[in-house]
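*Asks:* I have a structure I would like to understand better, so I am pasting it below and will then ask my questions one at a time.
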Amino acid sequence: MKQTLLAGAGVLALSAGMSAAEQLTVFGPWLGPDQANVEQVLADFAAKSGHDVRYVGSDAFEQQIMVDAEAGSAPNIAVFPQPGLAADMASRGFLTPLKAGTGDWIRDNYAAGQSWVDLGTYADKDGNDQLYGFFYKVDVKSLVWYVPENFEDAGYDVPTTMEELKALTDQIVADGETPWCIGLGSGGATGWPATDWVEDMLLRTQSPDIYDKWVTNELSFTDAAIVGAIEEFGAFARNDAYVAGGAGAVASTDFRDSPKGMFDSPPQCYMHRQASFIPAFFPEGTVVGEDADFFYFPAYEGKDLGTPVLGAGTLWAITNENQAAHDLIAYLQEPAAHEIWMGLQGFLTPHKGVDTSKFSDPTLKKMNDILLGATTFRFDGSDLMPGGVGAGSFWTGMVDYAGGKDAAAVAQEIQDSWDALK
Amino acid sequence: MSNIAGSRSSLTWAVHLSVLALVLLWLFPTVGLFVSSFRTADQIATSGWWASLGSAKQNVVFRAADPDDNRVAEGDIFVVEGNLFEEAGRTGTIGVWGTSSRAIDAYVAGETAEMKGTEQITVAADGAYRWTGSGEEIAGRGQRVFATITSPPEFTLENYDSMLLDPSNSEGMAKAFFNTLTVTIPATIIPIVIAAFAAYALAWMQFPGRALLIALVVGLLVVPLQLALIPLLKLHLGIGIGKGYLGVWLAHTGFGLPLAIYLLRNYMVGLPKDIIENAKVDGASDFLIFTRIILPLSFPALASFAIFQFLWTWNDLLVAKVFLIDATGQTTVMTNRITELLGTRGGNWEILATAAFVSIAVPLVVFFALQRYLVRGLLAGSVK
Amino acid sequence: MNAALLGLITVVIGVGGCLGYFYFSNLFLDRVLFPPKGPNAGRNINRANQIRPWLFLAPAVFALGLYLGYPVLETLRLSLTDRSQDGAFVGLANYNQMLSEPKFWEAMGNNMLWLIVVPAGSTAFGLLAAQLTDRISWGSLAKSLIFMPMAISFVGASVIFKLIYDTRPEDKEQIGILNALWLKFDGGIGSALFLKALPGLILLSFAALTGYVAWLILRRTGASAWLWLGKAISGVFAAWMILMALRATFNIFTAQLPYGDPQTWLTLPFYNNFFLMVVLIWIQTGFAMVILSAALRGIPEETVEAAIVDGANPLQVFFRIKVPQIMSTIVVVWTTITLVVLKVFDIVFAMTNGQWQTQVLANYMFDKLFRANDWGVGSAAAIVIMLLVSPILVWNVYNARKEMR
């Protein structure tokens, strides 16, 4: 309780405007619609605190933040999509630990608080674990998007097990249609959507424990379990009949374009597996819940692994300390900071104290239910791996795999690059 | 030389044709982008730009008006009437259509589709529709109509409008434009001044180590830029320049100097020796000779390098990203804006084409206006 | 507007500062330090003239040293150290690691391909365009249109070519011109003509041209050891290139082409390299053309007229008379484009980011530096680029020295 009081006091000091106004720069990966959303949140913070807040987004966030930190010109706050990258930077001494008490606040106020603390805690330069990252805005990744009216036209039902999903896939092929739209293209980050697939498949074929060992490389990439998961992904993506445009188009189709195939006339495909943020890239005017909907990417009924959910989130860390940066982290603990974005698009939060009626549409609530119904929740593994693997060789390896390379050979190459980093 | 082949008319003919083919081949990519930037998103997605003058055939999903607000009772049935094209804000003619995503060409325009129960819908070629059925059937969402339409060629300035004049975008674009100018102009002029003096010294002054210096300049021409980025950014931050205009000017100056010195020296060496020696005999100092004689005579080479450096700094992304663009976002440049658009609007060709064309417009104008200087200076640099 | 004003002020201050430096330092030298009058006038003039070149050179030397010289040395140092061990000296460990990575060898192989195809393509097209446009009335217009891509940024060029290479699913209208053309071929006689005979012919003429150039080089007489070395290297190199071209020709004629399927051009391993190279050739041909055109004009009329009087046909005139006379310019163009190729980064970065086996060294280096964060290996890759460039560097320096004498 004492910690909550402390945090409360911080918020109080903040709203009373006791801290002198400073300039605060926030650097993150969001551009376009998400940039407008985060700017609304930051504008509210600026209005409340009196600080001069500026947000800059970049599609080459991973590279740019490294160059800037290396050279000492880092922004005050960096918003990391990948904890792995943040861990790298913490170990080089580029991050400032969050104020004492933040960890306790997270434990008390976030659902599964301890896991969020663990995900934000890294070893510093001297090897001591400290809390560096504050999670704000999470995504659920284990979702399959579809157009309900198209399912209706064809008489398909939403599958509830992986077996049913595979049967549906074959059914659609038998009907002379194409079941899936898969696109891995993402400019310099091409390949990442495939890593999500592999992680989801791993959680559906192996125990979470194997997943955790894989993420820390206790279990080699070349292990049969991992290669098996890669091949499970291949069963979908490397089958010409399963994917729109044929297997050859998978790697080169932009992930932002690929869901559009579901809305074509006639439909290019019927299903699209992607995280909760993807509606931002649906054709203009698409209403989620009516024109498009989603279901949980189901687990194998026969494997008894429960209902695993893969998720991710953005982690806010201080890369250039000033009072305003600490104020912002304190502000993000207020329910209001979450509710602003909840009223916009594509925002989920583990904060227990928010008013869930503030979600802009009921589908977001449905996603939260998936989050809550999970028997296993795992963070996106590639985001936890060192940058050179999770944002490098794993991506490029999956592109090679989608292009026809052997799964074992790809796994070996990724493992080699990981060994090289040790 | 034209008189040599002049007598062979058939050959001349072949030459004209092959030059035409070559020119078309080279223009083709740019023209494609240019034409695309004037087309609507729909048109780009459904037909190649080379077919933009013909009418395009495309498959579209329409939705009848919301029944809850628009239905009218006619006896014991309910009716929704309207026009698909007007409601969707498009133009065209409907050929075939359907009510299910599985059979999008089930009916010809004018026919009536029988659906479940008593529900019916009739769609005419001009988009007018009449949707009838019982109270339960005409409820919920508007009926989907999958139509194959033929739309006339359509060109629009909307893309440029939303790129340059849209309030949410234009401020950023205008800022980026002026920022780019702020980077470009000093980064073009400063290296010229420094290089001109150095080039004169290397061309017309005698001193030990001259050959070595020339060799060094030639050697530095080949240094890949990427490897200089981090050491230099560290240096800038170390001496307090930080990220900003000063840093990017200095960086462009440093990276542009080898070419500048190389081009200018080669040009100056070729200037007539007598003039310089006469001036020296008359007692003019090197400084005077340089400013009064060499500089005016070297104008073509100076202009040529200026154009080179201008194009290079205008088109640059990497140096700007590393040395200029900081976390405040106040110092973005055109190329950076474009790549950001590329990142967020990956598949929207109308946005990409327009953005790319906006970014290459200024260099193209400069290029065509000053081309002869560019050529003259280039020649000085490489032809002996 | 504020920024524009700031820019203007800087131009004035910066340029004024530079000019002021040159003017006042000269003034100081002439008036104060070594005035050319009084008892030591003669000695002073000499001394001033010894110092003056360095006054002229100082800012340039300083900037060159700081912005290019220092990074080169720093990179060399980084390539021999390991940052994760606090910059400890690790000898050639980074190089060893790099050499064991398949991606590095892929980049090397691709770079070699780029080094051959792009300069050859640009020079050949440039020469063709220069020769053809020289004799027609609207030649200068044609030239400026071919030269135009020079002004287009790599970012812009990648958008342009992405539109060309765009792929749509089979049942939709193609909006990329290449796929639209490709789908016109059905494996009939037209396909054989355009997709087999034509590229085969181009490759064969490339082989023939290489052989011809090699013959020209080998024919040169002289006894110096350097010449022999040059001959040996170019002989081996030419033989290798001819072999490659012949093999490629054979492959083209035997290949089964997937007619009727839209292709995702940028993901076809090996061939996608060529689709990327086309972008650079498109940009660089104008440059080659402009320079070669001037060289062609510099050829004395008499030599050409004499050949015509002797009954040579236009082709013979071109290859026997003109090309040998502008050979030195061709070499300059070739090496200049080679330099551009070695530094090629933006095109690959923007279009494929080195995926689908299109990695090149400069992008590999960028990847290592900024994504894998491995400065040691990244710097080692940079040094490899430097090493590849060094023959050109030596050749340039050699020429520059020859010129001085």
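Just so you know, all these numbers are worked out from the coordinates, no wet-lab data involved. This is a predicted model, so every value here is computed, not measured. Here Cβ is always computed from backbone atoms with ideal geometry, including for glycine, and neighbour counts include all displayed protein chains.
*Asks:* To the nearest Å, what is the center-to-center distance of the stretch B:73-120 and the stretch C:222-299, using C-alpha atoms only?
*Replies:* Using only Cα atoms to place each centre, the spacing works out to 58 Å.
*Asks:* Can you tell me the Rg and Dmax of the stretch B:160-382, counting just the alpha carbons, in angstroms?
*Replies:* In Å, with Rg to one decimal and Dmax whole: 20.4, 68.
*Asks:* Ranked highest first by the average count of other Cβ atoms within 10 Å around their residues, in what order do C:84-96, A:249-261, C:359-371 fall?
*Replies:* Values: C:84-96: 13.5, A:249-261: 23.9, C:359-371: 25.7.
For the peptides C:84-96, A:249-261, C:359-371, the packing ranking is C:359-371, A:249-261, C:84-96.
*Asks:* If chain B were replaced by its equivalent ellipsoid, with semi-axes equal to the square roots of 5 times the Cα gyration tensor eigenvalues, what would those be, largest first, whole Å? Walk me through the numbers before you get to the answer.
*Replies:* Values: eigenvalues 835, 155, 42 Å².
One finds semi-axes of 65, 28, 15 Å for chain B.
*Asks:* How long are the semi-axes of the equivalent ellipsoid of the stretch A:206-262, taking √(5λ) for every eigenvalue λ of the Cα gyration tensor, in whole Å from largest down? Please list the in-between numbers first.
*Replies:* Values: eigenvalues 167, 32, 18 Å².
Listed largest to smallest, the semi-axes of the stretch A:206-262 are 29, 13, 9 Å.
*Asks:* Checking the cross-link filter: which aspartates and glutamates have an alpha carbon closer than 12 Å to that of A:Lys365, excluding same-chain neighbours under 8 positions apart?
*Replies:* Partners within reach: A:Asp355.
*Asks:* Then there is this: What list of ³J(HN,Hα) values in whole Hz, one per residue of the stretch A:48-62 in order, does the Karplus curve 6.51 cos²θ - 1.76 cosθ + 1.60 (θ = phi - 60°) give from phi, with Gly and Pro shown as x?
*Replies:* So the J values, rounded to whole Hz, are 6, 9, x, 6, 8, 9, 10, 10, 10, x, 8, 7, 10, 3, 4.
*Asks:* Give the angle, between 0 and 90 degrees and rounded to the nearest 10, that separates the Cα long axis of helix B:9-36 from the longest principal axis of the Cα atoms of chain B.
*Replies:* 60 degrees
*Asks:* Per residue of C:309-322, count partner chain C-beta atoms within 10 Å of its C-beta, then hand back the mean as an integer.
*Replies:* Values: counts 0, 0, 0, 0, 2, 5, 0, 0, 2, 0, 0, 0, 0, 1.
Taking the mean over all residues of the peptide, I get 1.
*Asks:* Aspartates and glutamates near B:Lys175 by alpha-carbon distance under 20 Å, same-chain residues fewer than 8 away left out - which ones?
*Replies:* A:Glu39, A:Asp52, A:Asp59, B:Asp161, B:Asp166, B:Asp316, B:Asp326, B:Glu340
*Asks:* Stick to Cα atoms and the Kirkwood definition of Rh, then tell me Rg/Rh for the stretch A:288-422. Mind showing how you got there, number by number?
*Replies:* Values: Rg = 19.4 Å, Rh = 18.4 Å.
Rounded to two decimals, Rg over Rh is 1.05.
*Asks:* Counting other beta carbons within 10 Å of each residue's own, what order do C:Trp226, A:Trp180, B:Trp50 fall into, fewest first?
*Replies:* On the way: C:Trp226 9, A:Trp180 24, B:Trp50 14.
Lowest count first: C:Trp226, B:Trp50, A:Trp180.
*Asks:* Which Rg and Dmax, in Å, describe the Cα atoms of the protein assembly as shown?
*Replies:* 33.1, 124
*Asks:* Something else now. Give the long-range amide H neighbours of A:Tyr300: residues separated by 5 or more places, or on another chain, with amide H under 5 Å away, using H modelled in the peptide plane at 1.01 Å from N.
*Replies:* Distant-sequence amide H within range of A:Tyr300: A:Met162.
*Asks:* For chain B, take the longest principal axis of its alpha carbons; what is the angle in degrees between that and the long axis of helix B:210-220, to the nearest 10 within 0 to 90?
*Replies:* Once rounded, the angle reads 10 degrees.
*Asks:* Measure nothing fancy, just the Cα-based angle from helix A:407-421's long axis to the longest principal axis of chain A, in degrees from 0 to 90, nearest 10.
*Replies:* 20 degrees
*Asks:* Can you pull the semi-axes for the stretch C:2-65, root of five times each eigenvalue of the Cα gyration tensor, sorted largest first, whole Å? Intermediate results must be reported in sequence, preceding the final value.
*Replies:* Details: eigenvalues 217, 38, 5 Å².
They are 33, 14, 5 Å, listed from largest to smallest.
*Asks:* Tabulate in residue order the Karplus-calculated ³J(HN,Hα) for the stretch B:88-94, using 6.51 cos²θ - 1.76 cosθ + 1.60 with θ = phi - 60°, rounded to whole Hz; enter x for Gly and Pro.
*Replies:* With the stated coefficients, the stretch B:88-94 comes to 8, x, 10, 10, x, 10, 8 Hz.
*Asks:* Ordered by packing density, taken as the mean number of other Cβ atoms within 10 Å over each peptide's residues, highest first, how do B:219-231, B:108-120, A:226-238, C:374-386 rank? If you can, show how the numbers build up before the last one.
*Replies:* On the way: B:219-231: 22.4, B:108-120: 13.9, A:226-238: 20.4, C:374-386: 24.8.
Per-residue mean Cβ counts within 10 Å order the peptides as C:374-386, B:219-231, A:226-238, B:108-120.
*Asks:* Turning to a different aspect of this structure: For each of A:Val138, B:Val362, C:Val12, count neighbouring Cβ atoms within 10 Å of the residue's Cβ, then give the residues from fewest to most.
*Replies:* Details: A:Val138 25, B:Val362 19, C:Val12 11.
If I rank by nearby Cβ atoms, fewest first, I get C:Val12, B:Val362, A:Val138.
*Asks:* Can you give the mean number of other chain Cβ atoms that lie within 10 Å of the Cβ atoms in peptide C:97-110? If you can, show how the numbers build up before the last one.
*Replies:* Details: counts 3, 1, 0, 2, 5, 3, 4, 0, 0, 0, 0, 0, 0, 0.
The per-residue average across the peptide is 1.
*Asks:* Which ³J(HN,Hα) values, rounded to whole Hz and listed in residue order, are derived for the stretch A:377-390 from phi using the Karplus coefficients 6.51, -1.76 and 1.60 in 6.51 cos²θ - 1.76 cosθ + 1.60 with θ = phi - 60°, glycine and proline given as x?
*Replies:* Along the stretch A:377-390, the couplings run 10, 10, 7, 2, x, 5, 6, 8, 6, x, x, x, 9, x Hz.
*Asks:* Under the definition of partner shielding as Cβ atoms of other protein chains within 10 Å of a residue Cβ, what is the mean value for peptide B:204-217?
*Replies:* Partner Cβ neighbours, averaged per residue: 5.
*Asks:* I've got another one for you. Taking only Cα atoms and a 10 Å spring cutoff, compute GNM fluctuations for chain B and point out the largest among B:Val15, B:Val123, B:Val60.
*Replies:* B:Val15
*Asks:* What are the DSSP H helices in chain C that stretch 18 Å or more along their long axis, judged by alpha-carbon atoms, and whose average Kyte-Doolittle hydropathy comes to at least -0.5?
*Replies:* Working: long enough: C:2-27 (36 Å, 1.51); C:41-64 (34 Å, 0.30); C:102-134 (47 Å, 0.62); C:198-219 (31 Å, 1.70); C:225-254 (44 Å, 1.28); C:271-297 (37 Å, 1.47); C:327-342 (22 Å, 2.19); C:375-404 (40 Å, 1.03).
Those that clear 18 Å and a mean of -0.5 are C:2-27, C:41-64, C:102-134, C:198-219, C:225-254, C:271-297, C:327-342, C:375-404.
*Asks:* Please list the non-local residues whose amide H lies under 5 Å from the amide H of A:Arg273, H modeled 1.01 Å from N, same-chain partners needing a gap of 5 or more.
*Replies:* Residues meeting the amide H criterion: A:Trp145, A:Cys181.
*Asks:* Taking 1 over the mean of 1/r across every pair of different Cα atoms in chain A, what Kirkwood radius in Å do you get? If you can, show how the numbers build up before the last one.
*Replies:* Values: mean 1/r = 0.0451 Å⁻¹.
Computed over Cα pairs of chain A, the Kirkwood hydrodynamic radius comes out at 22.2 Å.
*Asks:* Taking the alpha-carbon distance from C:Lys172 and a cut-off under 21 Å, which lysines remain once sequence neighbours fewer than 8 residues away in the same chain are dropped?
*Replies:* Those lysines meeting the cut-off are A:Lys260, B:Lys57, C:Lys162, C:Lys184.
*Asks:* Could you line up C:Ser122, B:Ser101, B:Ser134 from fewest to most neighbouring Cβ atoms inside 10 Å?
*Replies:* Working: C:Ser122 27, B:Ser101 23, B:Ser134 13.
Listed from fewest to most nearby Cβ atoms, that is B:Ser134, B:Ser101, C:Ser122.
*Asks:* Next up: Could you let me know the centre-to-centre spacing of the stretch A:307-370 and the stretch C:60-90, using Cα atoms, in angstrom?
*Replies:* Using only Cα atoms to place each centre, the spacing works out to 44 Å.
*Asks:* Would you mind telling me which residue in A:Asp369, A:Asp108, A:Asp327 has the biggest mean-square fluctuation in a Gaussian network model of chain A, where springs connect alpha carbons within a distance under 10 angstrom?
*Replies:* Taking springs between Cα atoms under 10 Å, the residue moving most is A:Asp369.
*Asks:* Report the relative contact order of chain B, percent, no decimals, based on alpha-carbon pairs under 8 angstrom and at least 6 residues apart.
*Replies:* It rounds to 18 percent for chain B.
*Asks:* Output the Cα-based Rg and Dmax of the stretch C:121-170 in Å, rounding Rg to one decimal and Dmax to a whole number.
*Replies:* Expressed in Å, the Cα Rg and Dmax of the stretch C:121-170 come to 14.8, 46.
*Asks:* Now a separate question. In a shell of Cβ-Cβ distance under 11 Å around A:Thr356, excluding A:Thr356 itself, what net charge do Lys and Arg (+1) and Asp and Glu (-1) give? Walk me through the numbers before you get to the answer.
*Replies:* Values: positive: A:Lys352, A:Lys358, A:Lys365; negative: A:Glu339, A:Asp355, A:Asp369.
Taking every other residue near A:Thr356 into account, the sum is 0.
*Asks:* Pairing rule first: another cysteine's C-beta must sit under 4.7 Å. Under that rule, which cysteines of the protein assembly as shown stay single?
*Replies:* C:Cys18
*Asks:* Ranked from highest to lowest mean number of other Cβ atoms within 10 Å per residue, what is the order of the peptides A:147-160, C:190-203, A:291-304? It would help to have the intermediate numbers written out before the result.
*Replies:* On the way: A:147-160: 16.2, C:190-203: 14.3, A:291-304: 18.1.
Those peptides, ordered most packed to least, come out A:291-304, A:147-160, C:190-203.
*Asks:* Here's something else I'd like to know. Would you mind checking which residues have amide H under 5 Å from C:Thr81's amide H? H placed 1.01 Å from N; only 5 or more apart, or other chain.
*Replies:* C:Val90
*Asks:* Averaging over all projection directions, find the projected area of the Cα convex hull of the stretch B:56-151 and quote it in nm² with one decimal place. List each step's numbers first, then the result.
*Replies:* Numbers: hull surface 22.0 nm².
Average of the hull's projected areas for the stretch B:56-151 equals 5.5 nm².
*Asks:* Further question on the same structure: Restricted to Cα positions, what overall size does the stretch A:205-322 have along the principal axes? Three whole-Å values, descending.
*Replies:* 51, 47, 29
*Asks:* Could you please state, rounded to a whole Å, how far the C-alpha centre of the stretch B:238-282 is from the C-alpha centre of the stretch B:124-164?
*Replies:* Here the answer is 63 Å between Cα centres.
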